[in-house]
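The values are calculated or read from the model by the stated rules, or taken from the named source; none is laboratory data. None of these values were measured; they are calculated from a predicted model. Positions of Cβ are backbone-derived with ideal geometry, glycine not excepted, and every protein chain shown enters the neighbour counts. Please note that ligands, DNA and RNA were not included when accessible areas were found on the heavy atoms of the full protein model with its side chains. Shrake-Rupley method; radii C 1.70, N 1.55, O 1.52, S 1.80 Å.
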Amino acid sequence: MKALLKTSPKTAADIQSGRSVLYRLFLLDFLAEDGDHAELFVNGVGYGDLYLKNAGNEFLIPLTPGVPAHMKVLATGDGGGGVTVGFVSSLGEARTRIMNVGQSEDWQVTVQ
């Protein structure tokens, strides 16, 4: 699978064997698209510093069904009025509190 070329060999093997699944997540600015930035971490793996758009940034994240995953979002840039981060997935939508640069929120997610 070409999409797995940049993943670790263990993660690629887990996905190919069915032990892990790719989970689709959108990270977005839930208020004004004003220049907010955030960094997403899933189980300690960083997904880069992101410009948050109202339309969202799409991620495919490898997760193991039934095993809790640790997600962390770190506010890295404020376009004005605080950093506002939303998560949208097939399970619904969640929003962080309005954060200042340097603040973060931690979440635990379990997929079935």
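One residue stands out in the stretch 8-29 among those that are under 14 Å from the mean Cα position of the chain (by Cα) and open to solvent by less than 70 Å² (accessible area, probe 1.4 Å): the one that is farthest from LEU91 (Cα to Cα), namely ASP29. Which ones in the stretch 58-112 are in a loop (DSSP other than H, G, I, E, B), within 15 Å of the chain's Cα centre (by Cα) and not small (Gly, Ala, Ser)? Residues satisfying the conditions are PRO68, THR84, LEU91, THR96, THR110, VAL111. The set of residues in the stretch 41-52 being at pLDDT 95 or above and either under 22 Å from ASP14 (Cβ atoms) or assigned to a loop (DSSP other than H, G, I, E, B) (or both) consists of LEU52 alone.
Residues to consider are ALA32, ALA55, ALA38; find the one that is aliphatic (A, V, I, L, M), assigned to a loop (DSSP other than H, G, I, E, B), closer than 24 Å to VAL85 by Cβ and open to solvent by less than 80 Å² (accessible area, probe 1.4 Å). Before you say what the answer is, go through the steps one by one.
Details: ALA55 fails: open to solvent by less than 80 Å² (accessible area, probe 1.4 Å); ALA38 fails: assigned to a loop (DSSP other than H, G, I, E, B).
Only one candidate qualifies: ALA32.
Picking from residues in the stretch 65-79 that are at pLDDT below 95 and buried (at least 16 other Cβ atoms within 10 Å of the Cβ), the one that is nearest to GLU105 (Cα to Cα) is MET71.
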